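The values are calculated or read from the model by the stated rules, or taken from the named source; none is laboratory data. Small disclaimer: the values here were computed from a predicted structure and weren't measured. Methodologically, a virtual Cβ is constructed for each residue, glycine included, from the backbone with ideal geometry; neighbour enumeration extends over all protein chains shown.
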Amino acid sequence: MKNLIIITLVFLFSLFFLPITQEFFVLNKLYLLLLAGLLLLITTAIEIILKKKIVWQKKPFDTLVILLVLTTAISTIITSTNRVQALLSPNFGLAMLVGLTIFYFYFSRQKTTQVLRFTFYLSSLILSLLTVVFFFSPFKSINLPTGLQFLKNPVFSTMGGLLDLAVFLGFLIVFMATDLLSGKKRTLFDFAVFGLSLVSLILTIINLFKPTNQLLLPPYRLSWFASVEILKNPLTALFGIGVDNFSVIFSQVKDIAYNLSNLWQVNSFTISRSAMLHVFTETGIFGLVAILLLLINLFREALKKPKQILPIAIYLLLIILFFPPSLPVFFLLFFVTGLIAQLNDEPIQTFDLSKLVPVYISLIVVIFLTVGFLGYFLGRSYLSEIYFKKSLDGYVKNNAREVYENQRQAIILNPNIERFQISFSQINLLIASNLAAKGDKLTDQDRSNIAQAIQAAIAEAKNAVNRNPLKNSNWENLAMIYRNIVNVAQGADVWTISSYLRAIQTDPQNPVYRLNLGGVYYTLNNFDEATRMFEQAASLKPNWANAYYNLAWSSFKKEDYQRAVNAMENAVSLIDAKTSKSDYDKAVKELAEFKSKLPPTTTEQTTEDNIQTQEQLALPTPAKSLEPKIKLPEEASPEAK
């Protein structure tokens, strides 16, 4: 039974996906892994019941694998802010590592049979065939049901992302090459699978380098800075910034060079550029030592079989050093570790429990209670993902009730996922906005419903903040909620400013937050503070035309005409007159208006330097108003608990 579970997992891992969750691929592979782990534990419990004995065989990596899991668990408990979300992280979370550890302990005790080898090759064949077929977009011109529209994606892959696909295919090629060169007799089928896998890797690399498929990866430089940053505090140095908290430290180490890059609109990244640096950043020195010891011992064992294992170990090390962390990357690490462990024949120890009835019963109870608890927790978590996907489908159907009810149910099942709460806060805000759009036709019941929807929006946004107050995206969402009700609810203007200041505190190099905060001051006619914020935005991103444009108008409103002219000249110089003609003409016209306010001797000619990206000039616009304003309880303020 255990062999069947392991073989099924190895076969399905690269192919398994379900379009019933928001993310089809990695999330479902994670739950497939966890389900396999629970089934393996159940089979062990049944064996203990039937045989009344425990069979154990020591393997060389057992202690090191457990050490890696323990360091991650300690980091999750001590430094992770949202521990449940950290536990369920599909890229590098405790649940993922526990599932992989269970897989390793069972896989390493099996012998790689011809059935397992054939299963691995067959899975590789199907993955490669799908890669080749979807490279040519076979469903591009075919009408498909709404639920199958994802098949039209030109880069569709059962692995999810192109990078994970390339990493996995690269591993398959190295693995099969060492197998084919081992000197053992191989069939035409083996060579055919190898050749097809090579073709599929080439096509995947071609897709990766297409401009339309540009990967968004954090710079290696900033990933290194993030890992060094944790050393400044003794707690984070030892235990890391916390699992699921990489985005927090990345926001702190961003610099102006990042703002000048094409990635600047990505507020933060949730993963490092390197799996090794990611482990170090999130779990600290203890985590780094654990994974280094595992890799060092893996290489030491691989050197004993240089032709069979060493090329695979080298490939794995390069992936962990230079590619981001992901479930497929760690699955390959534990797969290879288990494969090497199989080569070590250690004596099998048997512990007879027939005469130790209390121990025997206690062990069975503990296993079943553990499996039952984990099954219940993971089942609720997965079901919440299904409900959240149903709510997104409600958007497509334009069914507001379906969106609302399914998101509410998702939060009930798992109230610890921040993206659920952020999305639900925005849904409630939309409901309030739609009701407020009635204007003078509002009834007392409408006003009551608006107040309830606004309070619900604020409450959910604050829940996300309370789950992790270190994440800038949570504060940004709360600020956005407040900003949209400035002219509807009393005190919302102060709360908006407070939230944006907290967002800036968590992401000090973000020019967008300063521009948005400046926009709030601008709509409140506080042009001094607006000018200060717009100046900071422009200094953080000197090639951003919109920052200078807003600075020009806030200066103009202050009657500081020389500064207004200088700022508008900068805006004009940064706009491409060819790709953004309307913006360019608008800025030139307004520049002339500003210059008319200056003494004739100070008027200057403008320049027409181009930038590579298209710009959009926009002044802050006030939110919809409602009179009289709704009075919200003090609990609605950002600092109230």
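Here are the numbers:
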| read-out | value |
| --- | --- |
| Candidate set from the range 59-87 (those that are charged (D, E, K, R) and assigned to a helix (DSSP H, G or I)); member that is modelled with the lowest pLDDT | 62 |
| Residue pairs meeting the criteria (Cβ under 8 Å; at least 6 apart or on separate chains; first hydroxyl-bearing (Ser, Thr, Tyr), in the range 125-145; second assigned to a loop (DSSP other than H, G, I, E, B)) | 131/157; 137/154 |
| Qualifying positions in the range 489-504 - of a type in the set (A, V, I, L, M, F, W, C), more than 22 Å from residue 268 (Cα to Cα) and either touching a Pro at 6+ places or on another chain (Cβ under 8 Å) or surrounded by fewer than 21 Cβ atoms within 10 Å (Cβ to Cβ) (or both) | 494, 495 |
| Within the range 440-488, considering residues that are at pLDDT 90 or above and of a type in the set (Ser, Thr, Tyr), the one surrounded by the fewest Cβ atoms within 10 Å (Cβ to Cβ) | 473 |
| Residue 362 assigned to a helix (DSSP H, G or I), at pLDDT below 85 and of a type in the set (Gly, Ala, Ser) | yes |
| Where residue 437 falls short, out of the listed (1) touching a residue at least 12 places away in the same chain (Cβ under 8 Å); (2) surrounded by fewer than 16 Cβ atoms within 10 Å (Cβ to Cβ); (3) under 34 Å from the mean Cα position of the chain (by Cα) | (3) |
| Failed condition for residue 353, given (1) over 23 Å from residue 452 (Cα atoms); (2) modelled with pLDDT of 95 or more | (2) |
| Number of the exception - residue 185 against (1) more than 21 Å from the chain's Cα centre (by Cα); (2) buried (at least 19 other Cβ atoms within 10 Å of the Cβ) | (2) |
| Output for the range 204-247, where each listed residue is in a helix (DSSP H, G or I), in contact (Cβ under 8 Å) with a residue 60 or more places away in the chain and buried (at least 18 other Cβ atoms within 10 Å of the Cβ) | 204, 207, 236, 239, 247 |
| Residue pairs meeting the criteria (Cβ under 6 Å; at least 6 apart or on separate chains; first closer than 15 Å to residue 100 by Cα, in the range 325-354; second among the polar types (S, T, N, Q)) | 325/91; 326/91; 338/108; 341/108 |
| Residue among 266, 329 that alone is in a helix (DSSP H, G or I) and within 26 Å of the chain's Cα centre (by Cα) | 329 |
| Filtered residues of the range 522-537 (kept if more than 35 Å from the chain's Cα centre (by Cα) and buried (at least 20 other Cβ atoms within 10 Å of the Cβ)) | 527 |
| Residues located in the range 67-95, provided they are in contact with a Ser or Thr (Cβ under 7 Å, 6 or more places away or on another chain) and either of a type in the set (A, V, I, L, M, F, W, C) or at positive phi (or both) | 69, 86, 87, 88, 94 |
